[in-house]
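Since the structure comes first, as C-alpha cells, the remarks are kept for the end.
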Amino acid sequence: MECVECGSAATSERRDRTAQGYRRFRCRDCGREFNERSGGVLNRTQYPSDVIALVVLWRLRYRLTLQDLSEMFLQRGIVFSHEAVREWEAKLTPVLTAELRRRRRGRGGAGRRSWHVDETYLRVRGRWCYLYRAIDRNGDLVDTMLSERRDMAAAKAFFRSAKSATGLVPDRVTTDGHGSYPRAIRSTLGRHVEHRTSAHENNGLEMA
C-alpha cells in the first residue's frame, strides 16, 4: 500500500492492527504510520467503513429518516446518533455517487427510465445546503448533487448531472411541487419527458 503522506511504495505492514481490525503500515521513506483508511473520507471515524457505507446506502435508497436508521442499527447492537448519520451522508454521498456513475453509465431498462427526485436540507462542513437526489423505479440511486440554493439553476444543474451520469434521458420524472422543476425538466431533458408532481411519493426525505 502506498504511503498516504509521500506516495512512496516502500511501505511495510505491521503485525498489529487498529482497534477496528484495519491493517497498519509504516513508510520506510518518510516514517509515517498509517492504516487502510488513512487519508480517506472516513478516516478517524469510530465505526467500520462497511457499517457506515450500509447506513448511507439505506438512507439514499429507501428514504429512511435519520432517526429511523439510528433506531434500526440500535436493534443490531450498533449505537450512533442521528447526527452521525447526517455527517456520514455528507462525507460519503459524493464518493458513492462517483462510483455509481462509473458502474451504471449507459445501462438502460424500463426501470431506469422513471426518476423520482427530491431534496433534503443538511449541514456540510458547517454550512447548510440542499442535497438533490434521484432514484429510479427499481429503487436504485441515479445521482446526487449538493447545492447551496434550491432554485432553477440548481435544478437544471442537477438534471444535467443525472443525464451525464446515466447516459440516458428518462421518460418520466416525478418531483414535489417546487416551481423550478417544470422549466428545468423541459430545458435540460426535453419537452417529451413527462413530469409528475406527487408530494406523497416524494416527501420521505423531508421528514428527516
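Each reported figure results from applying straightforward, stated rules to the coordinates on display, with no laboratory input. Since the structure is predicted, the reported quantities are computational estimates derived from the model, not experimental observations. For neighbour counting, all protein chains shown are included, and Cβ atoms are generated from backbone atoms with ideal geometry for every residue, glycine included.
Figures for the structure shown
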{"item": "Loop-resident sites, the stretch 50-96, for GluC sites (Glu not before Pro), counting at most 15 other Cβ within 10 Å (DSSP)", "result": "none"}
{"item": "Theoretical ellipticity at 222 nm over the chain - DSSP helices of four or more residues, -39500 (n - 2.57) apiece, nearest 500", "result": "-11000 deg cm²/dmol"}
{"item": "At R0 = 30 Å, FRET efficiency that the Cβ-Cβ distance of Val95 and Arg191 yields, to 0.05", "result": "0.30"}
{"item": "Spin-label pair Glu33/Met1, simplified geometry with 7 Å Cα→Cβ offset, distance in nm", "result": "1.4 nm"}
{"item": "Alpha carbon centroid spacing (whole Å) that separates the stretch 133-157 from the stretch 10-86", "result": "26 Å"}
{"item": "Exposure proxy order (Cβ contacts within 10 Å, fewest to most) of Val142, Val56", "result": "Val56, Val142"}
{"item": "Distance cut-off 17 Å, percentage of C-alpha pairs in the stretch 49-102 lying past it", "result": "28 percent"}
{"item": "Estimated FRET transfer efficiency when R0 is 22 angstrom, pair Met152-Leu54 (beta carbons, to 0.05)", "result": "0.05"}
{"item": "Rg over Rh, two decimals, the stretch 125-190 (C-alpha only, Kirkwood Rh)", "result": "0.95"}
{"item": "Computed lengthening from Arg26 to Val79, 0.36 nm per intervening residue step minus Cα-Cα distance", "result": "15.9 nm"}
{"item": "Cα Rg, Dmax, the chain, angstrom units", "result": "19.9, 61"}
